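The values are calculated or read from the model by the stated rules, or taken from the named source; none is laboratory data. Nothing here was measured: the structure is a model prediction, and the numbers come from that model. All Cβ positions, glycine included, derive from the backbone under ideal geometry; neighbour counts span all protein chains shown.
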Amino acid sequence: MKKISQRTISTICAFISIIVLIGLWEISGFMGWKYTHIFPPPSHFIRELSNNGFRVGLGSQGAGIPQSIASSFLRVFTGLGIGFVFALFAGMAISMSIWVKRFVMPVVELLAPIAPIAWIPLALVVFGIGNQTAIFIVFMGVFFMLTIATVKAIETVPEHLLNVARTFGAHKWQLWVHVIFPYILPQVFTILRINFIAAWMAVLAAEMTGLRDGLGAIIMNGRNLFDNNLILLGMSLIGVSGFFIDIILKYIQRKFFWWDTQRL
């Protein structure tokens, strides 16, 4: 009999725990728990949603659930992608000169602790209400931390790898392209995965500023209409979507950074 992998066991356990949680939630509603009107179980808010044709919003401003999910995914992945690429190049550019590092890194480390949602007022002034604001907020949520991670990862490149490459005649740019960049790439991507939650919360907060679609807009519509069904629907979709995005990021890490033996 083929041995079940640890990854399969973990997946099965994850689905069992989620099913148990939903089951207990549904049972509490069936038994008439007094807080059910505040925390309606999935069967309640899904039924309400089906009555509205799986659309959220009023009239022409309404958006379908698939459209809202796709919009949030597009914004967060665009912001993460741009932040990841820019941080890699910024980190490598900073690391090429000790004097650049001494002058630039204090500024980066000063800006890194600023929460992404703190940039929302400035983003609204510059970009207005739209996708650009949401993407910018995600970008700001990951760029500085990934830049710091890139610089720190470059500092940990083993000297013997560089010496071997020099022995084979590699010049400076070949060291960066064939040794340093492949070494730091998996590490920086791992930091991206760790910081994904902050970026995910940031894009949801940006969507609450007036966007007509997106998972954050669902919660804002629920608040404006005093509809707990919409609020719980939005919260559930946010949790499920974030869970699957993390799975996608893990798959990307395994698929494209296969040479990393220390990946999570």
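Details
- Test: residue in the stretch 125-132 that is touching a residue at least 12 places away in the same chain (Cβ under 8 Å), in a helix (DSSP H, G or I) and of a type outside the set (A, V, I, L, M, F, W, C): yes
- Taken over the stretch 3-24, the residue count meeting the criterion of being modelled with pLDDT under 80 and closer than 15 Å to Gly239 by Cβ is 1.
- Filter pass, Gly210 being surrounded by fewer than 20 Cβ atoms within 10 Å (Cβ to Cβ) and within 30 Å of Gly234 (Cβ to Cβ): yes
- Filter result (assigned to a helix (DSSP H, G or I) and more than 27 Å from the chain's Cα centre (by Cα)) within the stretch 169-195: Lys172, Trp173, Gln174, Leu175, Trp176, Val177, His178, Val179
- Hits in the stretch 196-206 - residues which are surrounded by 22 or more Cβ atoms within 10 Å (Cβ to Cβ) and either in contact with a Leu (Cβ under 7 Å, 6 or more places away or on another chain) or part of a loop (DSSP other than H, G, I, E, B) (or both): Ala199, Leu204
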